[in-house]
Amino acid sequence: MVDLKPIIEDNKKERERLLAFLAGLKEQDFRRRLPNGWSVAVGLAHIAFWDFYQTTALQRWHLNGQQPIAMDAVNVNEPLSLLSEAIPSATVTHFTKAAAEMADKEVEKLTQVQADEFLKSGKERSLHRAQHRREHMDKIIKFLESVKAKG
């Protein structure tokens, strides 16, 4: 049995970090190119997409027991990055906040029995959204700090 409480707390902590980061971004920061070629806005849209996806997967599973389908992230991320380039920074900010809040609320609604059943399928990252957010936020923050240090 996995203790759901630390997952919920970590999700909340990383969501709050994300919200604070978004509040401090300037318009030019959204357009800066990360080493992988994505703009910061695309990186944030990526976080939002996967939070929305996991929210939908959890809702379907909760309503009718339908386990999420495994998606090939590489095949999803590249076309998504192209579409994300067209999303205005204010919209990216809105979606990123809303997606994180929705995903975390969906996880918080689970009972321990439901969480255990879901986790048997090996999809902890679907519940522990902080892992994905942290992975990308750390890269974005490190990159922006290096850009600012160069002046």
Checklist line | Given (1) out of contact with any helix residue (DSSP H, G or I) (no Cβ under 7 Å at 6 or more places or on another chain); (2) within 24 Å of Arg31 (Cα to Cα); (3) hydroxyl-bearing (Ser, Thr, Tyr), index of the condition Ser89 fails | finding: (1)
Margin query: I'd like to verify a number: residues in the range 122-151 that are outside any helix (DSSP H, G or I) and over 20 Å from the mean Cα position of the chain (by Cα), how many?
Written below: 1
Next item on the list: Inspect all residues belonging to the range 133-146 and state whether any of them is among the β-branched types (Val, Ile, Thr) and closer than 15 Å to Ala41 by Cα.
Entry: yes
Margin query: With the condition being at pLDDT 95 or above, I'd like the helices (runs of 4 or more DSSP H) fully within the range 11-88 carrying at least 3 qualifying residues.
Written below: 27-31, 40-64
Next item on the list: Considering (1) within 26 Å of Pro6 (Cα to Cα); (2) of a type in the set (Asp, Glu); (3) without any contact (Cβ under 8 Å) to a residue 40 or more places away in the chain, say which one Glu106 fails and leave the rest.
Entry: (3)
Notebook entry, point to check: If you scan the range 38-60, which residues turn out to be over 15 Å from Ala98 (Cβ atoms) and free of Cβ contacts under 8 Å to residues at least 24 places away in the same chain?
Noted result: Arg60
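The values are calculated or read from the model by the stated rules, or taken from the named source; none is laboratory data. If you're wondering where the values come from, they're calculated on a predicted model, not measured in any experiment. Ideal geometry is used to build each Cβ from the backbone, glycine not excepted, and the neighbour counts take in all protein chains shown.
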